[in-house]
Amino acid sequence: MRIDKVINNNVVSAIDGDGTEVVVMGKGIGYRMKPGMDIPGENIEKIFRLEGPENVTRFGSLLAKIPLEHLQISAEIIDYAKSVLNRKLNETIYLTLTDHINFSIERYSQKMMFRNPLIREVKNFYREEYLVGEYAVALVEKKLGIRLPQDETASIALHIVNAEYNIKMRDTIDITNLIQEVLGIVEEYFHMRLEENSISYERLITHLRFLAQRIYCKEMLDDGSPEFCRMIEKIYPEEYWCSIKIRDYIMKTYNHYVTDEEVSYLAVHIKRVRV
């Protein structure tokens, strides 16, 4: 692996054996090094492989301006998220989360912390990711002696969710709002308060997460078997028509069509939270 550009003493841009541009981190890895020189393997702590030269350039520009410790904290958070979630994360998370962590620490030093209006929703809808956010806040405190507010837990969790969905942060926030709106329709339709600690509620949330993701990625389930849909309508008529109301709302508000198969599966999950 040879150096393409020295970003600072601890980070370099390099070309790997496949000819791909990567960012390499290691204490003193760029010290007295020049483009074209080989990187000693023992100096490499971590290799970042971001998709697209633009992201690699942006990441390099970010790392040139921030303390190495902030990058190390971000990388440790991401490694932890990958291990506990066991899900693929888009590699741009190294760019977006590192930038967010650095900015949060800067805002803390300037006493300019912001509120996250979605903290309750994030805690309820993305519980595993929220736990990663709690780990991140605890790690920042351990490494830097800075206790970020609880709102940062939710913000970090949203970055993890965004990397899971592989969509823009704005769409992740919209998905979170969509889930909240659908739950509101269910509660209003049946004049009930959903039990947030029940297993059925967690299953409904999981279903709504994937439904919302399919909506934003324009990947709906097939219409499937008409017999199955008719059976669900017959045995769960109230839940089915609540699902129809949700479908109409999504079509009107988000201009996305929800298939009959989606309506039927949603009805089954709504039935479970009513039992």
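The values are calculated or read from the model by the stated rules, or taken from the named source; none is laboratory data. Remember, predicted model here, so these are calculated numbers, not experimental data. Cβ atoms come from the backbone with ideal geometry, glycine included; neighbour counts cover every protein chain shown. Heavy atoms of the whole protein, side chains included, go into the accessibility calculation; ligands, DNA and RNA do not. Shrake-Rupley method; radii C 1.70, N 1.55, O 1.52, S 1.80 Å.
Observations on the model:
- Those residues of region 30-53 which are at pLDDT below 90, farther than 20 Å from A163 by Cα and in contact with a strand residue (DSSP E or B) (Cβ under 9 Å, 6 or more places away or on another chain), in sequence order: N43
- Meets criteria (touching a residue at least 60 places away in the same chain (Cβ under 8 Å), in contact with a helix residue (DSSP H, G or I) (Cβ under 7 Å, 6 or more places away or on another chain) and within 20 Å of L158 (Cβ to Cβ)) for I93: yes
- All positions within region 250-265 that are of a type outside the set (S, T, Y), in contact (Cβ under 8 Å) with a residue 12 or more places away in the chain and part of a helix (DSSP H, G or I): I250, D260, E261, E262, V263
- So E128, is it touching a residue at least 60 places away in the same chain (Cβ under 8 Å), out of contact with any strand residue (DSSP E or B) (no Cβ under 7 Å at 6 or more places or on another chain), acidic (D, E) and open to solvent by 10 Å² or more (accessible area, probe 1.4 Å): no
- Residue in region 224-264 that is most open to solvent (accessible area, probe 1.4 Å), counting only those that are of a type in the set (D, E, K, R) and either touching a Gly at 6+ places or on another chain (Cβ under 8 Å) or over 27 Å from V275 (Cα atoms) (or both): K252
- Among residues of region 266-275, those that are more than 16 Å from A212 (Cβ to Cβ) and either outside any loop (DSSP other than H, G, I, E, B) or acidic (D, E) (or both), counted: 6
- Per-region count, region 140-173, residues more than 15 Å from T98 (Cα to Cα), touching a residue at least 60 places away in the same chain (Cβ under 8 Å) and open to solvent by less than 40 Å² (accessible area, probe 1.4 Å): 1
- Residue among K88, K27, K82 that alone is of a type in the set (K, R) and either open to solvent by less than 70 Å² (accessible area, probe 1.4 Å) or at pLDDT 95 or above (or both): K82
- If the condition is being surrounded by fewer than 15 Cβ atoms within 10 Å (Cβ to Cβ) and in contact with a strand residue (DSSP E or B) (Cβ under 6 Å, 6 or more places away or on another chain), then region 54-79 contributes only A64.
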